[in-house]
Amino acid sequence: MSGLRSWVARRLLLGLAQTAAVVLLVFVLTEALPGDAAVALAGDQPDPERIAAIREAMDLDRPAPERLADWAAGLLHGDFGTSLASGRPVSTYIADGFGPTLLLAALTVALLVPVGVGLGVLAARHEGGLADRIVSSVTLGVYAVPEFAFGILLITVFALRLGWLPPTAVGYGTDLLAHPAALVLPVLVLLSRPVCSLARLVRAGMIDALASPYVAQARRYGIPGARIRYTHALPNAITPAAQQLARTIDWLLCGVIVVEALYVIPGLGTVLMNAVAERDVPVVQGLAVVFAVTTVVLNLGADLVAHRFAPRAGVAA
């Protein structure tokens, strides 16, 4: 138990160091962006006095180290700053975009785990057979299709040709759960590539686990095949899949820009695109910090899962 606590403490310290490094990097990179936010907000024909007033109001006339220190201190208290474009707190932008993105991520993961693991186990059970060849060929083919192209194909077939589903989420606002038909196509696009990766990882892990000596010994003891597959082999097979699942959830929660742009979903990806277009630096910085913390937490959770099912591999990571 003490070894596990020490390992978790090291992971937490590493995560804090990574988050601090990301905060510093985000500030430095946004400072290095070309142009001037004050000039952009002043209009097409900016007046020097107006530009100076805007710079003073936004604290852009203060040295960068002072602004970095104030921003970092605010982050420790949950204050992400204020939008340059609207004057609203950055936290309201994050809250508005988080709901649709979280909904898409939750629906995708709810389908991803049973479908991906089920396909991987099915292919491994029939290694070299028809089912294995079909699963391997389909997952490889679907994975090779870019999300943007796959999304357009789904819109063309199911929205424009058949008229079964709406092509975008325009007019539905952020309450997408009240309009489930608008979620079908985005979730299918989000599910397409991750389910292929997860299925192939589970297949490879299951094949190795089913060929291991301890599984052979379990068969000699007369343990039923289903129990061997799901109690002994599958936990060892999903260790690498847990890491892939964490990366997928991170990718989903950190704003899937292509899918949200294609289906006009007001999630975090859309908020980020709008902030970049308006050169709204505080919003970009706040989103970057949220994404960094999300990545650290999810990877820590994946490491804990890997440690639980394969302790030696987890400690060595």
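Just so it is clear, none of the values below were taken in a lab; they were calculated from the coordinates. Quick caveat, the model's predicted, so the values are computed rather than measured. Positions of Cβ are backbone-derived with ideal geometry, glycine not excepted, and every protein chain shown enters the neighbour counts.
Sequence-ordered 3J(HN,Hα) estimates for region 264-274 from the Karplus curve with 6.51, -1.76 and 1.60 and θ = phi - 60° stand at 6, 9, x, x, 5, x, 5, 4, 5, 4, 5 Hz, glycine and proline given as x. Converting phi to 3J(HN,Hα) with the Karplus coefficients 6.51, -1.76 and 1.60 and the offset θ = phi - 60°, region 180-186 yields x, 4, 6, 9, 4, 5, x Hz in sequence order, with x at every glycine or proline. Fewest-first ordering of D250, D175, D303 by other beta carbons within 10 Å of each residue's beta carbon gives D175, D250, D303.
Electrostatic bookkeeping for L183 treats Lys and Arg as +1 and Asp and Glu as -1; over the other residues with beta carbon under 15 Å from its beta carbon, the sum is -2.
Fully extending the segment from V138 to R161 would add 5.9 nm, taking 0.36 nm per residue of separation and subtracting the current Cα-Cα distance. Less than 5 angstrom separates the built amide H of T82 from those of V90, all sequence-distant by 5 or more or on a different chain. As a rough guide to protection, the peptides 290-301, 100-111 ranked by mean Cβ packing within 10 Å, highest first, stand as 100-111, 290-301.
Taking other C-beta atoms within 10 angstrom as a stand-in for reagent exposure, I238, I155 fall in the order I155, I238, fewest first. Extending 7 Å from the Cα toward the beta-carbon at both E31 and N274 defines two label points whose distance is 2.9 nm. The residues neighbouring V284, those whose beta-carbon lies less than 12 Å from its own, together hold a net charge of -2 under the Lys/Arg +1, Asp/Glu -1 convention. Extending 7 Å from Cα along the Cβ direction at T294 and again at A110 yields two label points whose distance is 1.8 nm. Paramagnetic label reach from A21 (point 7 Å along Cα→Cβ; backbone nitrogen cut-off under 13 Å): within region 282-297, residues 296.
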